[in-house]
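Comments concern the structure below.
The values are calculated or read from the model by the stated rules, or taken from the named source; none is laboratory data. The structure displayed is predicted, hence computed values, not measured ones. Here the Cβ positions follow ideal geometry from the backbone for every residue, glycine too, while neighbour counts run over all protein chains shown. Side chains included, ligands, DNA and RNA excluded: accessible areas come from the protein's heavy atoms. Shrake-Rupley method; radii C 1.70, N 1.55, O 1.52, S 1.80 Å.
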Amino acid sequence: MASTLEKFIHSLDPRALPRVLQIQSGIYFQGSIYEMFGNECCLSTGEVIKVIGFKIKKLIASICENNEESQFSAKVELPLNFPGLYKVMADKTPYLSIEEITRKVSIGPTRFGHPCFFCPEDIKLANLTIKHGEQITFNSVEEVNGTMAVNCGVVRNNQSHSFTFPLSQEGKFYECEDDQIYTLKEIAEWKIPKSRNRIVKLSSTLHMWDASNPLPENFDGCLILTPVYEVQAVMKFRKDIVHILSDLDVEVKDITDCYDISSFLQPLSLEDVFERTSKEFPMVAEIMEGPQGSQKPYNLLCTGKEIVIYKKYQAKRVLASEIRSDFPKRHFLIPMSYKGKFKRRPREFPTAYDLEIARSEKEQLHVVATKAFDSPHRELFSVSVGDQFLVQQCQTSEVLYEGRKKVVDVLACEQILSDTYKKVLLPMYMEGGFVEVIHDKKQYQLSAICKEFRLPFNVKVSVRDLSIRDDVLAAVPGLQLEEEITDSYLLISSVSSPVDSWEIPVYRLNMSVHLLSKNVQTVVPPATKTTVEEISEEQYYMVRRYENQTLYPPPRPPKKPT
């Protein structure tokens, strides 16, 4: 049965890819040639294409200046980078099963991918009853005992309770009100369900209104957002990936079940390549779509270039963030082979509890108070701005509280006076402010810091890495080395000039290749290049989540007695 390309893509489950489509009524202008982003393709009637992916390219917004119940009138086109922050309005149409939610709603590892729903009726599970109206957070979709299920959670009395829903679970599930605000790009990537539109309300603008702004001046109403997708497809006799907008006026028919899909070139993502067995390496591949970016080696990985993929492996990186009080911070993944040198920078500690976490046996922690604190107990010390301390150890102490003796956790320190030291006790719950005094003037290699000190650790590049043409870390005034991570990489080089080999990340590089039946040299080029990789905030949270998903959170600091 034929449908418009727009209707087909809006209802297509990404898990059903790839799909083979036949053009039922084509586009006829300029000799049936359609040009998009420099890619020309013929979409004449009878043409067959294989759809391998799609993503939202832009949004069509219907404007309502009163509220979401009013009639939406004028329509404007908004790019994903259109400025402003928006509040997502809850969809009043229920989902009728867990399977429908997983098919239409984005559920993923980032903070955006945890949608919340409620059911107007109680749901009885094996060991838990979900009460009507209770907020249910959907965390991930996984296979449990051979059956696909959704990992969920509810919070009761400040305690989280986890459980799973099978996809077969039925009922009326309504979206919860969302009190967060988002950019249009975040809404497009995470908050627009398949086959549904999304109503949003402008929360705040990020720039002054001008005549080029498609929204009315002083607009504070609602927008109903309809996505326009960019479809990635492979054509029968082409080696590149073509891009087609979903609102193109063509009709298509899904013929996947009766077509030999192997007759098309098989595009592979880097994740697909990484899943191959180690025995299949090395291999030769041609790039069908290269990554964006001017940094080496990404600027060398252009469409049509042939590369050798020598092996897959895990490599260590240090996750680092720029030290600054405002946002956004820059984030980096630094290879252990980085040849620059670092000097220490002072750390800041908001509480006495943080001092206890940071102290080490290797050196004594010396800090200066940046915030005053009046102790409610005579037995414990009151801090003034400028007081200096050497941190000793955590212990307990008796204090007089409402006429009774009470044992509390304290941090034993030595206050540095002009010519002597004074032993003092700071309450562990103390909310003060401290900054570290650095006596160590040595320069350290990255590997030495990871070996000798506990992360997180504040540093500044003192000697840049001379083997890198543009060392991005050298221009950053301060870095916090947060943690060591292990990530997946492929080792590649150019077929035409295999002088150097490069490490490329598997999960952060948007790139497609197809394998070639060519003989390949098995000797890896001697010089393996690694780069400092600057990552986005979303990639930063993805890296941290995957690294820490098996770790327990640190204990909460003691509370101040009431």
Round to the nearest 10 and report in Å² the accessible area of L400, as given by a 1.4 Å probe over the protein chains' heavy atoms.
100 Å²
Gain in span if fully extended, S160 to V48, counting 0.36 nm per residue against the direct Cα distance:
35.3 nm
Between the modelled labels at L96 and C394 (7 Å from Cα along Cα→Cβ) the distance in nm is 5.5 nm
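With +1 on each Lys and Arg Cβ and -1 on each Asp and Glu Cβ, and nothing else charged, work out how big the dipole of the chain is about its Cα centre, in Debye to the nearest 20.
1560 debye
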Carbon/sulfur fraction of accessible area - the chain, other protein chains in place, 1.4 Å, %:
49 percent
Once the dipole of the chain is set up from charges on Cβ (+1 Lys and Arg, -1 Asp and Glu), the residue from the list L417, F389, T303 lying farthest towards its positive end is L417
Per residue accessible area in Å² of segment 91-176, where ligands, DNA and RNA are left out and the probe is 1.4 Å
55 Å²
What residue among F117, G433, Y540 has its Cα farthest toward the positive end of the dipole of the chain, where the charges are +1 on Lys, Arg and -1 on Asp, Glu, each on the Cβ?
G433
Dipole size in debye (nearest 20) for segment 91-176 around its Cα centre, Lys and Arg Cβ +1, Asp and Glu Cβ -1?
200 debye
At a Förster radius of 51 Å, what calculated FRET efficiency corresponds to the Cβ-Cβ distance of H439 and S262, to the nearest 0.05?
0.15
Once label points are set 7 Å from the Cα along Cα→Cβ at both Q314 and A448, what is their separation, rounded to one decimal in nm?
2.8 nm
Once the piece of chain linking L125 and R544 is laid out straight, how much longer is it, given 0.36 nm per residue of separation minus the C-alpha distance between them?
147.6 nm
Would you mind computing, in nm to one decimal, how far apart the modelled labels at E363 and D179 are, each placed 7 Å from Cα along Cα→Cβ?
4.3 nm
Dipole of segment 350-434, Cα-centred, from +1 at each Lys and Arg C-beta and -1 at each Asp and Glu C-beta, to the nearest 20 debye?
180 debye
Once you have a ≥ b ≥ c as the square roots of the Cα gyration tensor eigenvalues for segment 428-539, tell me rounded if a/c is under 1.5, and otherwise prolate or oblate according to whether a/b is larger than b/c.
prolate
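Using Cα pairs closer than 8 Å and at least 6 residues apart in sequence, work out the relative contact order for segment 91-176, in percent.
Once normalised by length, the contact order is 37 percent.
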With the contact rule set at Cα under 8 Å and sequence spacing of 6 or more, what percent relative contact order holds for the chain?
15 percent
Using alpha carbon positions and the Kirkwood radius, the Rg to Rh ratio of segment 125-233 is 1.07
For Cα pairs less than 8 Å apart in space and 6+ apart in sequence, what is the mean separation divided by the residue count of segment 350-434, i.e. the relative contact order in percent?
36 percent
Going out from 0 in 10 Å bins, what whole percent of all Cα-Cα distances in segment 91-176 drops into each bin?
17, 58, 25, 1
The helix 537-548 Cα axis meets the longest alpha-carbon principal axis of the chain at an angle in degrees, between 0 and 90 and rounded to 10, of 70 degrees
Calculate the length of the line joining the C-alpha centroid of segment 270-323 to that of segment 456-471, in whole Å.
24 Å
Efficiency of FRET from Cβ geometry, D272 and N519, R₀ 22 Å, rounded to 0.05
0.50
